[in-house]
Amino acid sequence: MSDEKKSTAVDLKNLKAGGFIKERGKDLFTVRLRVPGGRLPVGRLKKIAEVAEKYGQGMVHLSVRQSVELININFRDFDAVVAELGEGPQKVASCGARVRVPTACGGCEYNPNGLVDTQKSALEVDEKLFGTPTGHHKFKVGFAGCPFDCPKSATNDVGFQGAIWPVLSVEECIGCGLCDKSCTEDAITMGEDGKPRFIPENCLYCGDCLKVCPTEAWRAEKKGYTVRIGGKWGRRPLVGTLFAEFLPEEQVVDFIAAVLEWYKEKAEGQGRIRLGDVIRAEGADALLARLRERFPGFVVDATIPPQAIATQIGKDR
Amino acid sequence: MTTVDLRGVTCPTNFVKAKLALEMVDTGEVIEFLLDDGEPVKNVPRSLKGEGHKLLGLKETDGYYVLTLEKGEE
């Protein structure tokens, strides 16, 4: 082997963690970058642009999971790309059977609908769980700040949706009726005394009543995440189903870790299988019972398995 | 009291017009806005509250709403 060939050897440690995806062209790869919650400082963005111009062909692709992907990267440049991005500092993401980079909306910082700090949750999960091998298949986590759910949380293996439980302090209410007006779910109606009545079974936990209330008579009695588990998209989509309500933001990482633990254990010997399909095989109660031990105040009493979406193509199974 | 008629003005133009009207009055002064039913009455009070103004009341009159508000700190 000539010296020239030796010098082009690639550090395989970079490849092992994933994030390098084979393209059609000879020697060309996509390099997926780690951008939790889809937010990044422009300094890092400039570094990414610099690397894309130098090693790619001056283009990047914005992935559907909020990542920036460098395209048309020659595998011989991997080490240089990783090193130069590192000056950003920008890290490479993952692929394969691992916990992926979490997605998130803008959350409560600047979005008027946001109820919880989804960006903070995404960063925490990225820091603590990103890249964890599942042993089976990919594992996706997403955070939506409110029930509008722009990030489509229920299509994730574990999906979080911001939620608040409203309570009225009658003394502060001026009876303007704005909450009744704003509530799209018929969870508030005006009583004969001119004060609003709450109809809990209709509430979706969106918090519109709090946001519109001129006197802050509506307050959040509980705040946290609605958690749906077992979602996925692709060839055989499943919508994740309800496992917990008002899970406090600070328990998110532990909750995901508990789900992961159950997944690894129950999928043993089944090869490449997603969490949703494991739940359908084992029954939702098995996971519900496990989670209830650890998160008793937040896990729901009963649920249903992740629901299959009729794609109308292929054979049902 | 200043009354600003925002009926027939759609979101978010009605909110921007309300903001401009508020620039013309002093902090602590009370001002009235006339708002259409539907999206305007759901969005405008909430947005003005978010800008630090104090909502004093909301009354329905002949199919539209009268929002009374005290201007907050600049």
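Okay, residues lined up against (1) within 17 Å of the chain's Cα centre (by Cα); (2) on the phi < 0 side of the Ramachandran plot; (3) outside the structural domain of A:Pro248 (by TED's automatic domain parsing):
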residue: A:Val81; (1), (2), (3): no, yes, yes
residue: A:Ala93; (1), (2), (3): yes, yes, yes
residue: A:Lys120; (1), (2), (3): yes, yes, no
residue: A:Glu124; (1), (2), (3): yes, yes, no
residue: A:Asp149; (1), (2), (3): yes, no, no
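Right, B:Asp37: within 9 Å of chain A (Cβ to nearest Cβ) and either of a type in the set (Val, Ile, Thr) or over 19 Å from A:Ala217 (Cβ atoms) (or both) or not? Write out each step before concluding.
Numbers: within 9 Å of chain A (Cβ to nearest Cβ): yes; either of a type in the set (Val, Ile, Thr) or over 19 Å from A:Ala217 (Cβ atoms) (or both): yes.
Spelling it out, B:Asp37 is indeed within 9 Å of chain A (Cβ to nearest Cβ) and either of a type in the set (Val, Ile, Thr) or over 19 Å from A:Ala217 (Cβ atoms) (or both).
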Mind checking which residues of the stretch A:141-178 are under 30 Å from A:Glu192 (Cβ atoms), away from chain B (no Cβ under 14 Å) and part of a helix (DSSP H, G or I)? A:Val170, A:Glu171
Failed item, numbered, when A:Gly234 is tested on (1) modelled with pLDDT under 95; (2) more than 20 Å from the chain's Cα centre (by Cα): (2)
Picked from the stretch A:180-208 (must be of a type in the set (Asp, Glu) and not in a loop (DSSP other than H, G, I, E, B)), the residue farthest from the other protein chains (Cβ to nearest Cβ) is A:Glu201
With the requirement that a residue be of a type outside the set (D, E, K, R), part of a strand (DSSP E or B) and out of contact with any Gly (no Cβ under 8 Å at 6 or more places or on another chain), what does the stretch A:209-223 give you? A:Trp218
Test each condition in (1) under 28 Å from B:Leu69 (Cβ atoms); (2) part of a strand (DSSP E or B); (3) not basic (Lys, Arg) for A:Ala244 and report the one that comes out false. (1)
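Would you call A:Val252 farther than 30 Å from B:Gly52 by Cβ, assigned by TED's automatic domain parsing to the domain that holds A:Leu129, open to solvent by 10 Å² or more (accessible area, probe 1.4 Å) and in contact with a helix residue (DSSP H, G or I) (Cβ under 7 Å, 6 or more places away or on another chain)? Show your work before the answer.
On the way: farther than 30 Å from B:Gly52 by Cβ: yes; assigned by TED's automatic domain parsing to the domain that holds A:Leu129: yes; open to solvent by 10 Å² or more (accessible area, probe 1.4 Å): no; in contact with a helix residue (DSSP H, G or I) (Cβ under 7 Å, 6 or more places away or on another chain): yes.
For A:Val252, the condition - farther than 30 Å from B:Gly52 by Cβ, assigned by TED's automatic domain parsing to the domain that holds A:Leu129, open to solvent by 10 Å² or more (accessible area, probe 1.4 Å) and in contact with a helix residue (DSSP H, G or I) (Cβ under 7 Å, 6 or more places away or on another chain) - is not met.
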State all residues of the stretch A:165-181 that are over 14 Å from B:Asp37 (Cβ atoms) and touching a helix residue (DSSP H, G or I) at 6+ places or on another chain (Cβ under 6 Å); if no residue qualifies, say none. A:Pro166, A:Cys179
How many residues are surrounded by fewer than 17 Cβ atoms within 10 Å (Cβ to Cβ), assigned to a loop (DSSP other than H, G, I, E, B) and of a type in the set (S, T, N, Q) if we restrict to the stretch A:285-317? 2
Within the stretch A:41-77, work out how many residues are touching a residue at least 24 places away in the same chain (Cβ under 8 Å), assigned to a loop (DSSP other than H, G, I, E, B) and buried (at least 19 other Cβ atoms within 10 Å of the Cβ). 2
Within the stretch A:268-284, residues open to solvent by less than 90 Å² (accessible area, probe 1.4 Å) and under 19 Å from A:Pro237 (Cβ atoms) come out as A:Ile273, A:Arg274, A:Leu275, A:Gly276, A:Asp277, A:Val278, A:Ile279, A:Ala281, A:Ala284
Which of the numbered conditions does A:Ala122 fail, given that it passes all the others? Conditions: (1) modelled with pLDDT of 95 or more; (2) within 29 Å of A:Arg39 (Cα to Cα); (3) more than 14 Å from every other protein chain (Cβ to nearest Cβ); (4) not in a helix (DSSP H, G or I). (4)
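The values are calculated or read from the model by the stated rules, or taken from the named source; none is laboratory data. Just so it is clear, the model here is predicted, and its values are computed rather than measured. When we count neighbours, we look across all protein chains shown, and the Cβ atoms used for this are built from the backbone with ideal geometry, even at glycine. All accessible areas refer to the heavy atoms of the entire protein, side chains included, with ligands and DNA or RNA removed. Shrake-Rupley method; radii C 1.70, N 1.55, O 1.52, S 1.80 Å.
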